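To keep things clear, I will list the structure first and then write my remarks on it.
The values are calculated or read from the model by the stated rules, or taken from the named source; none is laboratory data. Not measured: the values here are computed from a predicted model. Glycine gets a Cβ as well: all are built from the backbone with ideal geometry, and neighbour counts include every protein chain shown.
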């Protein structure tokens with residue numbers, strides 16, 4: 001039901017099997033429940049097998065983007081990182097960097113007691129999980145260790161296997177621009193008695209962690225359609241400006257700004273709704289037609305209604321509305337702000353720069369333009 005429940009189940013499983021090493025494929029759901037940190041607390045070594053996830057793990061960072069977690073790193077930075085952490089020779093060749101990671105991970109696959117994956121989709125009529133990827137690391141994470149653990153949100157459920165004919169190309173095109181991803185696996189369970197490959201045990205953890213409560217809110221229900229393609233992040237001007245780490249959340253960008261307050265509490269994350277220009281680019285590119293920017297606006301309303309923001313905030317908004325509704329008042333306000341410019345720094349933290357106000361107003365500049373012409 002909660003992130004703690006899911007993490008505790010995996011920890012108990014690792015202790016039961018006396019596991020010392022775990023290998024993971026890319027999974028935002030495991031990031032959501034802070035699984036790596038929980039396993040490390042009981043002495044279990046955790047290795048990410050997705051190349052981008054491995055890079056940010058070695059650098060002690062969180063993923064920058066829900067699809068491409070290391071997109072902020074250059075080849076030179078990755079080479080230096082592999083040199084320092086994996087004792088690999090320096091190189092700026094992308095293929096050689098990939099082979100360095102591959103050689104390191106081969107031993108990890110073969111010596112891990114548990115392999116952990118997420119699931120892109122869950123198939124209800126067959127009781128199967130679907131994992132889509134481009135590197136092949138998820139297949140190795142599922143097949144090599146003796147125990148396979150799947151952690152997936154309950155919203156990943158599809159009614160029928162035939163639904164994949166729509167959703168697999170949709171996810172591939174919106175996520176990476178491909179017609180279909182390189183590897184698409186449908187897993188029905190552990191290996192049978194007459195099979196030689198695959199895990200001997202398989203555990204599927206269906207995570208709620210606030211999803212049911214979100215579903216019960218009719219105006220927010222549509223956000224559970226998200227297939228985690230990352231298209232809204234790629235289109236968002238705010239994400240492009242501030243970067244993924246600025247959100248300080250598991251899910252970044254517009255989609256993360258909508259769901260994080262509902263999963264982890266408005267008290268801590270209500271500010272994320274303001275990380276949007278409400279331009280609508282996220283809604284335009286969403287392949288499952290989620291009205292993301294309007295949901296961000298709804299989150300702003302929720303924050304006001306839930307927490308009845310301070311009297312100072314309400315007073316400031318009333319003054320702002322009163323000023324902006326009349327051009328003459330706005331001109332007077334500008335004059336006062338110019339006079340009070342030395343005091344502006346009192347309202348900004350160290351390292352922040354107050355916005356510069358134009359000495360001349362638009363009306364004055366327009367008048368000068370007219371006089372010149």
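Here is a yes/no grid of residues against (1) in contact (Cβ under 8 Å) with a residue 40 or more places away in the chain; (2) within 25 Å of residue 18 (Cβ to Cβ):
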| site | (1), (2) |
| --- | --- |
| 134 | yes, no |
| 141 | yes, yes |
| 144 | yes, yes |
| 151 | yes, yes |
| 160 | no, no |
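Considering the conditions (1) on the phi < 0 side of the Ramachandran plot; (2) within 24 Å of the chain's Cα centre (by Cα), residue 91 is excluded by exactly one of them, (2).
Of everything listed in (1) surrounded by 22 or more Cβ atoms within 10 Å (Cβ to Cβ); (2) more than 22 Å from the chain's Cα centre (by Cα), the single unmet condition for residue 144 is (1). Evaluation of residue 301 against the conditions (1) at pLDDT below 85; (2) more than 21 Å from the chain's Cα centre (by Cα); (3) on the phi < 0 side of the Ramachandran plot shows that the sole unmet condition is (1). Scanning segment 1-60 for residues that are in a loop (DSSP other than H, G, I, E, B), touching a helix residue (DSSP H, G or I) at 6+ places or on another chain (Cβ under 6 Å) and without any contact (Cβ under 8 Å) to a residue 40 or more places away in the chain yields 42, 44, 59. Listed conditions (1) loosely packed, with under 15 Cβ neighbours inside 10 Å; (2) touching a helix residue (DSSP H, G or I) at 6+ places or on another chain (Cβ under 7 Å) are all met by residue 73, apart from (1). Just one of the listed residues (46, 22) is over 30 Å from residue 177 (Cα atoms), outside the structural domain of residue 226 (by TED's automatic domain parsing) and crowded, with 23+ Cβ neighbours inside 10 Å, namely 22. Of all residues in segment 161-181, those being touching a strand residue (DSSP E or B) at 6+ places or on another chain (Cβ under 7 Å) and surrounded by fewer than 16 Cβ atoms within 10 Å (Cβ to Cβ) number 1.
Each row is one residue, and each column tells you yes or no for (1) surrounded by fewer than 21 Cβ atoms within 10 Å (Cβ to Cβ); (2) modelled with pLDDT of 90 or more; (3) farther than 22 Å from residue 21 by Cβ.
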residue: 85; (1), (2), (3): yes, yes, no
residue: 89; (1), (2), (3): yes, no, yes
residue: 92; (1), (2), (3): yes, no, yes
residue: 97; (1), (2), (3): yes, yes, yes
residue: 127; (1), (2), (3): yes, yes, yes
